[in-house]
Amino acid sequence: MKRKLYIFTSKNPDLPWWVEKVSREIWYWFNKTWNYDVSFVFPWEESKTENKNWINYISIKNSINVPFFSDIFLNIKLISLFQKLKCDDIVVNNFASPLLYLLLNRKQFKLVQIAHCCMYCSSLSVKKRWLVFFKKWLNIIYNRWCDLMIRPVIKRADLIITLSKYLKEELVRYYHINPNKIEIIYNWCDTNSSKLESHNEKSPLKVSFIWSNYGWKWFNILEWVAKKMDWENIEFNVIWADSYIPKSKNIKSLWRIKREDVYRSMSKSDVIFLPSHYEGQPLVILEWMSFGCIPVCSKTCHMDMLEMTEFKKFISEKNSVDDYVEIFRKLLVSDHINDLRKQSKKTVSEYTWDNQIKEYINLFDRL
């Protein structure tokens, strides 16, 4: 008999978001085993249950769009669903949805928590965001609330899957989780089979940066780096920027471009740059590496999968402007850009969807 598997997402899983994409891949591979009956549960414009293309969709209307209050409202509406679950059913949770049920009832199902980050550490990083005073403290309060919500959920989980050894250490240190309950499965991405375009040594070093929120993605670090390298042979290409006017002549805004154009930009770029003060292992780095981009990022991007490779020297311990300027200047005088790009593509090729999802299936089968 098939086991029931419920995957909780924060939006409609048909949308092209990173977390939803991961959720769809989990559904696809678990459905292929024929051992699981998989359903998506998510807040949406209306409450309904339907089946489309072998996927069960359970949407829950959430008419409150105010952070904190919307979370509470959603939790209340989910209680009736949780009460129907049986002891062999599995709930895969990406956020704090079972909170009220777990606080008020005995857990009757297997709970798997996907910990993309440690909310306590994430809430601390908000203080470093380049935001006005009111927005900064609003963000801090909301992140602390999320931290308080997620703690009891994580503590009652039967299995916690996280993306990095550093994230595991944080969960143990700040939430006092039994380390035996935590498994590390690195993120994965689509493999790209297109031919790698060679870097012309006379051309500028092309550095790409994707952002959707000025304060969250620490775009100010890129601006400071670009200003310090204003007269050097380097070009910063910014994607997904809304109404952005570059502050340096070496920053080029590509605006909101189509997905096909994003792929073309990937194949022409030399570097993917993510200077984050705190980031759960980002799929964006893996995907750009599959197009042969050299990863330059902070240690708090949790890319410890690269620490045993030559790309370790491109991971900044301090996430400082001076660190990145030094890294880029070394790349500018390097004679091995094309070799590094080939190695980047090769390194990430082992982290395919089918390879990584096998680890999920093996863990779930033992629950």
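Can you give the helix-only mean residue ellipticity at 222 nm for the chain, where every DSSP H stretch with n ≥ 4 adds -39500 (n - 2.57) and the sum goes over all residues, rounded to the nearest 500 deg cm²/dmol?
Working: 12 runs with 141 residues, N = 367.
Only helices count here, giving -12000 deg cm²/dmol.
Based on Cβ point charges of +1 for Lys and Arg and -1 for Asp and Glu, what charge dipole magnitude is obtained for the stretch 33-166 about its Cα centre, in debye rounded to the nearest 20? Intermediate values should be presented prior to the final figure.
Values: 19 positive and 9 negative charges, 126 e Å.
With Lys and Arg at +1 and Asp and Glu at -1, about 600 debye.
Residues with amide H under 5 Å of ILE272's amide H, sequence separation 5 or more or different chain, H placed in the peptide plane at 1.01 Å from N; which?
Correct list: SER208, ILE294, VAL296.
Hey, can you grab everything whose amide H is under 5 Å from the amide H of ASN62? Only 5+ residues off in sequence or another chain; H modelled, so Pro and N-termini drop out.
TRP44
Please state the shape class of the stretch 83-226: rounded when a/c is under 1.5, otherwise prolate if a/b exceeds b/c and oblate if not, all from the C-alpha gyration tensor.
Since a/c reaches 1.5 but b/c is at least a/b, the shape of the stretch 83-226 is classed as oblate.
Carbon and sulfur: what percent of the stretch 218-357's accessible surface (1.4 Å probe)?
Ligands and nucleic acids excluded, carbon and sulfur give 51 percent.
What are the ³J(HN,Hα) couplings of the stretch 296-305, residue after residue, when phi is run through the Karplus curve with 6.51, -1.76, 1.60 and θ = phi - 60°? Round to Hz, x for glycine and proline.
So the Karplus estimates, Gly and Pro as x, are 10, 7, 8, 4, 7, 7, 6, 9, 5, 4 Hz.
Among the listed pairs LYS77/LYS155; LYS165/LYS195; LYS168/LYS206; LYS247/LYS268; LYS135/LYS312; LYS165/LYS202, which have their C-alpha atoms separated by more than 29 angstrom in this model?
LYS165/LYS195; LYS168/LYS206; LYS135/LYS312; LYS165/LYS202
How do the peptides 267-277, 354-364 rank, highest first, by the average count of neighbouring beta carbon atoms within 10 Å per residue?
Descending mean neighbour count gives 267-277, 354-364.
Can you pull the one-decimal nm distance between simple spin-label points at ASP365 and SER334, each 7 Å off the Cα toward Cβ?
For ASP365 paired with SER334, the spin-label model returns 4.0 nm.
Which FRET efficiency, nearest 0.05, do ASN220 and MET1 yield, Cβ-Cβ r, R0 41 Å?
My answer for the efficiency is 0.15.
Once the piece of chain linking PHE69 and TYR263 is laid out straight, how much longer is it, given 0.36 nm per residue of separation minus the C-alpha distance between them?
Full extension of this stretch gives 66.0 nm more.
Return the aspartates and glutamates within reach of LYS86: Cα separation strictly under 14 angstrom, same-chain partners fewer than 8 residues apart disregarded; answer none if there are no such residues.
Those aspartates and glutamates meeting the cut-off are ASP37.
Read phi for every residue in the stretch 221-233 and hand back ³J(HN,Hα) as whole Hz from Karplus 6.51 cos²θ - 1.76 cosθ + 1.60, θ = phi - 60°, with x for Gly and Pro.
The phi angles translate into 5, 4, 4, 5, 4, 4, 5, 5, 10, 4, 10, 9, 7 Hz.
Shape of the stretch 194-302 from its Cα gyration tensor (a ≥ b ≥ c, root eigenvalues): rounded if a/c is under 1.5, otherwise prolate when a/b > b/c, or oblate?
Note, shape of the stretch 194-302 comes out rounded.
I'd like the orientation of helix 133-155 relative to the chain: the angle between its Cα long axis and the longest Cα principal axis, in ° from 0 to 90, rounded to 10.
50
Would you rank HIS336, HIS176, HIS199, HIS116 by solvent-accessible area, highest first, keeping every protein chain in place and using a 1.4 Å probe?
The most accessible residue leads, giving HIS176, HIS336, HIS116, HIS199.
Straight-line reach only, C-alpha to C-alpha below 19 angstrom: list the lysines that LYS84 could link to, leaving out same-chain residues fewer than 8 apart.
LYS2, LYS4, LYS48, LYS61, LYS107, LYS110
Using a 1.4 Å probe, what is the accessible area per residue for the chain, in Å²?
Using a 1.4 Å probe on heavy atoms only, each residue of the chain averages 50 Å².
Assuming R0 = 25 Å, what is the FRET efficiency of THR33 and ASP88, from their Cβ-Cβ distance, to the nearest 0.05?
The formula returns an efficiency of 0.95 here.
Using only the Cα atoms of the chain, build the gyration tensor, take square roots of its eigenvalues as a ≥ b ≥ c, and label the shape rounded, prolate or oblate: rounded if a/c is under 1.5, else prolate if a/b is larger than b/c, else oblate.
In terms of gyration-tensor shape, prolate.
Looking at the chain, which Cys residues are left with no other cysteine's beta carbon under 4.7 Å from theirs?
Cysteines of the chain left without a disulfide-compatible partner: CYS87, CYS117, CYS146, CYS189, CYS293.
The values are calculated or read from the model by the stated rules, or taken from the named source; none is laboratory data. The structure displayed is predicted, hence computed values, not measured ones. Don't worry about glycine lacking a Cβ; one is built from the backbone with ideal geometry, like all the others, and counts go over all protein chains shown. When the accessible area is computed, the model is the full protein with side chains, heavy atoms only, and any ligands, DNA or RNA have been set aside. Shrake-Rupley method; radii C 1.70, N 1.55, O 1.52, S 1.80 Å.
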